[in-house]
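Notes follow once the structure below has been shown.
Since every read-out is calculated from the coordinates, none of them should be taken as a lab result. Owing to the predicted nature of the structure, the values given are computational and were not obtained by experimental measurement. Backbone-built Cβ (ideal geometry, glycine too); neighbour counts: all protein chains shown.
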Amino acid sequence: IVDAVRLRGGLGHAAPGPLEGPLIVSAVPTKPFEGQKPGTSGLRKKTKVFQQEHYLENFVQSLFDSLPPEELLGSTIVVSGDGRYHNAHAIHTICQLAAANGVGRVWIGVGGLLSTPAASAVIREREGGVAFGGIILSASHNPGGPDEDFGIKYNVRNGGPAPESVTNAIHERTTTISEYKSCLNLPRVDLSQPARYEFERREAAPFVVEVVDNTEDYLALLKQAFDFPKIAALLRRGDMSLVFDAMSGVAGPYAHAIFVREFGVDTSALLNCVPSETFDGGHPDPNLEYAATLVARMGLTKHGTPSPDEVDAPVFGAAADGDADRNMILGRGCFVTPSDSLAILVAHAHTIPWFQREGGLKSVARSMPTSGAVDRVAEQLGLPLFETPTGWKFFGNLMDAHLLGKEKLSPLICGEESFGTGSSHVREKDGLWAVLAWLSVLAHHNKKTPEGALIGVHEIVREHWQRYGRNYYTRYDYEQVDAADAARMVAHLLEYAKRFQEEGYGPESPQRLTDMMALSVVDEFSYTDPIDGSVASKQGIRFLFDDGSRIVFRLSGTGSVGATIRIYIEKYQRPDDSDALEMEVAVALEPLVELALAISKVREFTGRDRPTVIT
Ligand code: G6P
Ligand code: ZN
């Protein structure tokens with residue numbers, strides 16, 4: 001750590017440059033901006049929207065105004081991001097407001113970088129967990145750059161996303177704000193290495209900025225969770241090979257720290273592991289479409305089927321998104337759906353030391369649109385399973401149930417179809433956790449296999465299907481649809497649900513539907529939190545069939561322009577017919593997909609022939 005720098009002197013200099021005199025709090029007049037309502041994970045907009053004068057300031061002031069003043073005063077908050085364009089500028093602005101609003105200390109990762117799970121770890125673990133909360137600057141898996149997306153979200157003391165009571169209060173406040181407080185004379189600090197800066201304030205204790213190592217707290221936590229020597233031994237095998245793609249996001253520094261420095265893997269195994277403001281022009285979303293280079297290298301086509309290059313592919317491949325909370329798991333010529341990945345990790349929880357030490361896995365949770373693959377594992381293990389709305393924040397209460405006066409449900413493993421997997425070690429989903437969990441599973445299966453006979457990802461997945469059956473799964477996304485068109489489609493589906501509930505069939509071709517398979521429920525998903533009783537309604541429309549198949553329709557809560565329609569399609573295949581377990585996904589799901597398109601009339605409502613992305 002560079003020695004504490006104390007800057008003082010005369011009066012009134014604006015940043016950058018050394019500060020002369022104490023910080024001065026300015027009250028800056030402003031007017032509300034429309035649409036500052038945080039979505040599934042914070043406020044996400046085009047960067048240009050955030051660059052408007054006062055835009056970010058309004059939101060951050062509204063955030064500070066929504067927190068209990070006595071707790072905010074003198075508190076420590078974490079401020080960092082995924083390194084996308086506008087990150088450093090936003091960090092400086094937030095520090096100016098933090099200083100003016102009485103925050104005591106700000107922790108910033110070197111380079112302004114912290115992955116979302118690492119930020120959660122810093123809030124929970126650093127100095128024994130003294131941080132009051134954290135501001136994470138990221139639009140996650142959305143592209144970055146002057147014409148792309150930027151985002152901000154607030155995490156609370158437990159390291160997880162702020163609950164809706166807080167985000168609603170913030171939004172409320174943004175609609176009436178008329179002034180924000182900022183220390184405009186706070187100089188920009190050097191974020192390039194760990195350091196401590198102290199700035200005098202007139203009526204408060206000094207304002208402290210600490211630039212902290214971005215991997216140390218998080219790495220220490222992962223070392224508690226996993227058996228590092230065991231994974232390192234697996235990676236040293238001559239027949240083992242790995243490739244990790246950070247998609248030019250913030251996962252890069254963590255990949256270097258873990259794979260190269262801890263496990264001794266060669267840097268040639270790392271793809272796109274230098275963070276870039278624009279993600280090198282890419283779309284940092286780890287799926288078959290956007291992680292094209294990795295997918296090809298793993299011997300896969302973009303449909304997730306094996307390509308002719310399969311033979312030369314590495315044994316294990318993985319990618320993370322812009323802020324490193326999402327993950328995609330691949331084997332040689334094998335794509336593991338996020339829903340299967342969740343189920344397989346739950347089935348193997350005993351191979352992860354963290355769970356053993358904590359007395360074993362206590363419960364499991366998945367978001368509603370995530371496939372039911374994990375349900376079958378939970379049932380067999382006798383674990384309670386929770387089905388929550390989309391959004392990681394809904395898992396937080398389950399993880400902290402015992403702190404909220406309920407029975408202990410943690411440690412638990414949670415997952416979402418949207419490439420999110422994690423556990424109660426932090427309060428965010430965690431891309432690198434998922435990768436290390438998979439490496440633990442591989443290490444476990446290969447404890448005794450001789451060199452040359454390595455059991456790979458595909459074998460593990462196949463064995464899982466043979467035991468539990470397979471949930472064929474696909475998701476169709478229609479991005480940037482006109483919001484009114486999307487709303488009309490939803491209204492049509494709700495009408496369908498109503499008719500089905502009243503009369504036993506929907507308005508369109510009931511015969512066709514019931515001919516194909518028995519439809520048992522059509523409803524709009526609503527969730528009552530088992531811990532605090534809060535209700536989240538309008539969480540997607542479900543068509544549930546007798547055989548466990550499902551079609552789900554939902555509007556995304558994370559887009560930044562127009563509406564995104566998601567259609568989730570799932571078909572369960574029992575384990576007794578082993579040929580039927582090895583079908584191509586598109587073939588296995590074709591009839592259900594057709595049905596989904598017909599019921600929803602998505603083509604008619606949106607004028608779109610085909611989805612933007614299929615995952
Ligand atoms: C983010 C959230 C996830 C959520 C995903 C998709 O990654 O953290 O919890 O599942 O977005 O959300 P959406 O509303 O776009 O379907
Ligand atoms: Zn993300």
With no solvent term and unit scatterers on the alpha-carbon positions of the range 292-374, Debye gives log₁₀ I(q)/I(0) at q = 0.12, 0.20, 0.22, 0.24 Å⁻¹ of -0.45, -0.98, -1.06, -1.12
What the 10 Å binned alpha carbon P(r) of the range 428-512 shows, as percent of pairs per bin from 0, is 13, 21, 23, 17, 18, 8, 0
About its Cα centre, the range 160-277 carries a charge dipole, from +1 on Lys and Arg Cβ atoms and -1 on Asp and Glu Cβ atoms, whose size in debye to the nearest 20 is 140
Fraction of alpha-carbon pairs in the range 391-435 farther than 18 Å apart, rounded to whole percent, equals 24
Per residue, the convex hull enclosing the alpha carbons of the range 191-318 has a volume in Å³ of 150
Of 52-58, 239-245, 333-339, ordering from highest average Cβ density within 10 Å down gives 333-339, 239-245, 52-58
In nm, the gap between the two label points placed 7 Å beyond Cα toward Cβ at GLU524 and ARG574 is 3.6
By the C-alpha gyration tensor axes a ≥ b ≥ c (rounded if a/c is under 1.5, else prolate when a/b exceeds b/c, else oblate), the shape of the range 335-482 is oblate
With the charge dipole of the range 259-392 built from beta-carbon charges (+1 for Lys and Arg, -1 for Asp and Glu) about the Cα centre, the Cα from THR337, ALA319, CYS273 projecting farthest to the positive end belongs to THR337
hull vol. (C-alpha, convex hull) per residue for the chain, Å³ -> 151
Exposed-loop cut sites defined as trypsin sites (Lys or Arg not before Pro) in DSSP loop states with at most 13 other Cβ within 10 angstrom; longest site-free run of the chain spans 203-446
Taking the chain and counting helices only, DSSP H stretches of n ≥ 4 at -39,500 (n - 2.57) each over all residues, the nearest-500 ellipticity at 222 nm comes to -9000 deg cm²/dmol
Partner aspartates and glutamates whose C-alpha sits under 18 Å from that of LYS230, ignoring same-chain residues fewer than 8 away, are ASP239, GLU262, ASP266, GLU451
Where a ≥ b ≥ c are root eigenvalues of the Cα gyration tensor, a/c under 1.5 meaning rounded, otherwise prolate if a/b exceeds b/c and oblate otherwise, the range 47-124 counts as oblate
Restricting to lysines and to Cα separations under 19 Å from LYS498, and discarding same-chain partners fewer than 8 apart, the set is LYS538, LYS601
Bridge orientation stat for the chain from DSSP, antiparallel percent rounded to 5, came to 65
log10 I(q)/I(0) for the range 519-575, Debye formula on C-alpha points only (no solvent), q = 0.12, 0.15, 0.27, 0.31 Å⁻¹, two decimals, reads -0.39, -0.58, -1.04, -1.13
One finds the C-alpha centres of the range 420-495 and the range 178-212 to be spaced, in Å, by 42
Given 20 °C, 1.002 mPa s and a Kirkwood radius over Cα pairs, the Stokes-Einstein diffusion coefficient of the range 75-174 in µm²/s is 156
One would report the antiparallel percent of DSSP beta bridges in the range 305-438, rounded to the nearest 5, as 60
Measuring from its Cα centre, the chain shows a charge dipole (+1 at each Lys and Arg Cβ, -1 at each Asp and Glu Cβ) which, in debye to the nearest 20, is 820
Against the 2.2 N^0.38 Å rule of thumb, the C-alpha Rg of the range 546-588 sits at a ratio of 1.63
One quarter of the C-alpha convex hull surface, i.e. the mean projected area of the range 175-253 in nm², amounts to 10.6
Excluding residues fewer than 8 positions from LYS429 in its own chain, the aspartates and glutamates with Cα under 13 Å of it are ASP321, ASP323, ASP325, GLU416, GLU417
Quick shape summary for the range 246-400, equivalent ellipsoid via Cα gyration tensor, semi-axes whole Å in descending order, reads 29, 19, 17
In Å, the Kirkwood estimate of hydrodynamic radius for the range 527-615 over Cα pairs equals 15.4
Normalised per residue, the volume inside the convex hull of the alpha-carbon atoms of the range 279-332 in Å³ amounts to 68
To the nearest 20 debye, the range 327-404 has a Cα-centred charge dipole, built from +1 on Lys and Arg Cβ and -1 on Asp and Glu Cβ, of 160
